[in-house]
1. Where does the charge balance sit around LEU192 when Lys and Arg score +1, Asp and Glu -1, over other residues with C-beta under 14 Å from its C-beta?
2. For ARG122 and GLN253 in the same chain, what is the full-extension length gain: residue separation times 0.36 nm, less their Cα-Cα distance, in nm?
3. Listing ASP213, ASP124 from the residue with the fewest other Cβ atoms within 10 Å to the one with the most, what is the order?
4. By how many nm would the segment from SER43 to ARG82 lengthen if fully extended, with 0.36 nm per residue of separation less the alpha-carbon distance?
5. Straight-line reach from LYS225: which lysines fall under 28 Å, measuring Cα to Cα and dropping same-chain residues less than 8 apart?
6. Summing +1 for each Lys or Arg and -1 for each Asp or Glu, what net charge is found among the other residues whose Cβ lies under 14 Å from the Cβ of SER37?
7. Quick one: net charge of LEU59's neighbours, Cβ under 14 Å, K/R +1, D/E -1?
8. Within 10 Å of each residue's Cβ, count the other Cβ atoms and sort ASP242, ASP197, ASP280 from fewest upward.
Amino acid sequence: MKTRYPLALALALAFLMNMAQAQASAEPEIASYSIDSTLKLSSDRKTRGVSDTFGGPGLELTVEAAHESGLVAQFQLGSVSRVNYPEGNRLNAMLALGWRGGDPEGWHYGLGAAREWFPGARVDEAPAGFDASFNPTGLVNTRFHTSYLIAELGWSYLTARYLHVVSQDFRGANTATVCGNYLLVKLPSGDLGPALDCYGSAMQHSRGSQLFDLDLSYPLNGQTKLVAHLGWQRVRNFRGLDTTDYRLGLEHQRWGLVWGAELAGAAVRNRDLFIAIDNDGTLRQMEKPKLILSVAKKF
């Protein structure tokens, strides 16, 4: 799927800005749509329990628009590390469009599609495999952009969501990138067997990967709510990337800000596949449990 991210982002921003302008200029008795924006700073920015920022702080802007017809749109721009997404400009953008119906306080449901971009991030000319003489059998160029189809079903404060990957790769997961990083991790020990076995006999991609989410947002009082998440990730052709992720925490409103604290991480099938290595050779586990502190401003 060859979507040009500058055009898509421009269309998304234009859509949200037009709705904002209409909201400002019109004065209906009952608003037919809403726009909510949140700017959030956190001590680590994790996605599905795995750090996107090499364990460092992250910044995230989210803009959500909803129409009374049920049409919804969400645009998110967040920071990522070049260790996790090489050669990129340290940004991750996501646009989701869809429809929601039902009663927010009872049964509710929705369908949609989403696309995320990692501008500039790439892995070029990575080996797709090796022959008996340890010569590459092919070279592969990889980007991290990913497309999803989404379905959700919820009851009151609880929402279940299913995502199906329709792009060629799920966040760049293919034989060249997954097994290549595995090989780098195993080099210091000299135990290259498992990494070489990873390459198998043919180049594999991860289209068809499946993601499941179960989210709870339960108000304890007018200022504090409990947030909880349990997720499952099943990556096609790469069982070692399968995960069960979790987070549990509290969010509290005070002084016009939302303060958060949560424990987040993931249980993974193969921990070696979740190690990131920076240019200095520093290795970090991206999925390990961590207490994450955050502060957000809604406007």
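1. Numbers: positive: LYS186; negative: ASP191, ASP197, ASP272.
Around LEU192, the surrounding residues sum to -2.
2. Numbers: separation 131, 0.36 × 131 = 47.16 nm, distance 3.92 nm.
Result for the pair: 43.2 nm of gain on full extension.
3. On the way: ASP213 18, ASP124 12.
Listed from fewest to most nearby Cβ atoms, that is ASP124, ASP213.
4. 12.3 nm
5. Leaving aside lysines fewer than 8 places away in the same chain, those within reach of LYS225 are LYS40, LYS46, LYS288, LYS290, LYS297, LYS298.
6. Working: positive: LYS40, LYS297, LYS298; negative: ASP36, GLU60, GLU64.
Summing Lys/Arg as +1 and Asp/Glu as -1 gives 0.
7. Working: positive: LYS40, ARG45, LYS46, ARG90, LYS297; negative: ASP44, ASP52, GLU60.
That works out to +2.
8. Numbers: ASP242 16, ASP197 10, ASP280 5.
Least crowded to most crowded, the residues run ASP280, ASP197, ASP242.
Quick note: the coordinates plus some simple rules give every number you see, no bench work behind them. Being a predicted model, the structure only gives us computed values, none of them experimental. Don't worry about glycine lacking a Cβ; one is built from the backbone with ideal geometry, like all the others, and counts go over all protein chains shown.
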